């Protein structure tokens with residue numbers, strides 16, 4: 001088994017860009033949880049980090065929108081946002097082209113995907129990297145699931161993609177870390193920004209932590225949109241991690257709605273069996 | 001009304017610093033390759049964030065445009081709220097059925113929409 005770390009986290013741009021406007025205690029607790037996640041990630045000694053994200057029209061648009069895409073570049077750059085606005089400097093992030101190519105070929109055994117040799121990161125990847133690989137020195141393979149521009153891939157196809165991703169990771173000789181990043185309930189960048197359905201979030205996170213596949217696949221975009229905003233389409237990223245880790249349970253290390261960050265901030269990891277490789 | 005074209009322009013502007021420089025130098029020239037109505041051109045050039053939101057521009061695209069114009073976050077949110085108060089609910093796109101009223105009113109409107117569709121089917 002080459003998967004040495006798996007987890008999920010939030011990626012909202014406000015987490016860094018509007019940190020000065022947040023309740024300081026809540027912000028410090030979130031930052032502490034990110035630090036703990038970074039320590040766990042570093043302790044797993046990964047060779048490469050796969051980030052399953054839900055980008056926000058940084059690379060993919062409605063002229064040619066893939067449901068699933070995997071990066072295959074030597075390197076990436078980001079953020080596309082104004083660095084001052086996001087609070088993260090523009091930088092180049094190393095990729096892992098040969099690993100990407102092998103990964104993509106293996107994923108294609110179980111799912112139909114697109115690949116991309118150009119990819120600019122937005123806050124969806126830059127915010128997690130800012131906390132988890134602050135020197136931007138760990139090779140990254142970006143994965144995108146369209147969660148923004150409907151029509152969206154149905155959840156059972158997302159699950160199949162996650163299973164294909166997990167099976168592909170097993171074929172890699174490298175030590176692989178896997179992170180999913182997205183929001184749960186939220187109405188980001190709309191007039192309702194800051195609204196968070198905590199009950200909905202906690203229910204989903206309970207299902208996620210038990211890897212209750214049936215419960216997670218029972219969500220519909222229409223109801224998620226109604227109860228949890230268009231940002232809830234991003235549960236696809238969390239579910240992919242569940243599917244990729246073969247139904248293993250997870251541990252929620254941190255959850256707290258922080259309205260100025262426009263999301264219920266979440267840090268969680270999959271309870272992987274201890275591996276000595 | 002060409003929401004796709006408005007969003008396409010903003011998508012390309014948001015991710016490309018060269019496009020941003022060109023737009024700063026000459027807005028009309030930068031907009032000319034896109035099939036936009038005079039109303040859309042005016043909304044972009046002003047910029048009228050509230051009207052653009054009313055058109056249906058996705059907030060994930062629009063927030064970058066607001067940041068490009070150095071519009072502060074709370075001001076950005078308020079401009080969208082003002083826009084739908086002035087111009088009415090979002091016309092098109094992913095927010096067309098949610099509008100600006102918040103979750104409760106959104107739910108009521110979606111339910112009404114479903115009932116309406118149900119009547120049509122029967």
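The values are calculated or read from the model by the stated rules, or taken from the named source; none is laboratory data. Computed from a predicted model, the values in this text were never measured in an experiment. Cβ sites come from the backbone with ideal geometry, for glycine too, and all protein chains shown count toward neighbours.
So here's what we get for this one:
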read-out	value
Helices (runs of 4 or more DSSP H) (entirely within the stretch A:194-251) containing at least 2 residues that are within 14 Å of another protein chain (Cβ to nearest Cβ), crowded, with 20+ Cβ neighbours inside 10 Å and at pLDDT below 95	A:221-228
Residue match in the stretch A:252-272 (condition: over 25 Å from residue A:153 (Cα atoms), surrounded by fewer than 24 Cβ atoms within 10 Å (Cβ to Cβ) and within 11 Å of chain B (Cβ to nearest Cβ))	yes
The lone exception for residue A:274 - which of (1) assigned to a loop (DSSP other than H, G, I, E, B); (2) in contact (Cβ under 8 Å) with a residue 40 or more places away in the chain it fails	(2)
Only one of A:72, A:126 that is closer than 15 Å to residue B:14 by Cβ and more than 12 Å from every other protein chain (Cβ to nearest Cβ)	A:126
Any hit, the stretch A:4-12, residues being away from chain B (no Cβ under 14 Å), under 19 Å from the mean Cα position of the chain (by Cα), within 22 Å of residue A:232 (Cα to Cα) and in a loop (DSSP other than H, G, I, E, B)	yes
Residue match in the stretch A:107-130 (condition: more than 16 Å from residue A:181 (Cβ to Cβ), touching a strand residue (DSSP E or B) at 6+ places or on another chain (Cβ under 8 Å), in a helix (DSSP H, G or I) and at pLDDT 95 or above)	yes
In the stretch A:20-34, the residues that are buried (at least 16 other Cβ atoms within 10 Å of the Cβ) and within 14 Å of another protein chain (Cβ to nearest Cβ)	A:22
Qualifying residue in the stretch A:84-97 (condition: modelled with pLDDT under 95 and surrounded by fewer than 23 Cβ atoms within 10 Å (Cβ to Cβ))	yes
Condition broken by residue A:80, with the remaining ones in (1) away from chain B (no Cβ under 14 Å); (2) in a loop (DSSP other than H, G, I, E, B) satisfied	(1)
Residues (within 19 Å of the chain's Cα centre (by Cα) and either surrounded by 23 or more Cβ atoms within 10 Å (Cβ to Cβ) or without any contact (Cβ under 8 Å) to a residue 12 or more places away in the chain (or both)) located in the stretch A:35-48	A:37, A:39, A:42
Pick from the stretch B:77-97, criterion under 11 Å from residue B:53 (Cβ atoms) and at the interface with chain A (Cβ under 8 Å from one of its Cβ atoms), ranking: surrounded by the fewest Cβ atoms within 10 Å (Cβ to Cβ)	B:81
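For (1) in a strand (DSSP E or B); (2) within 14 Å of another protein chain (Cβ to nearest Cβ); (3) surrounded by 23 or more Cβ atoms within 10 Å (Cβ to Cβ), each residue gets a yes or a no:
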| residue | (1), (2), (3) |
| --- | --- |
| A:147 | no, yes, yes |
| A:152 | no, yes, no |
| A:160 | no, no, no |
| A:163 | no, no, no |
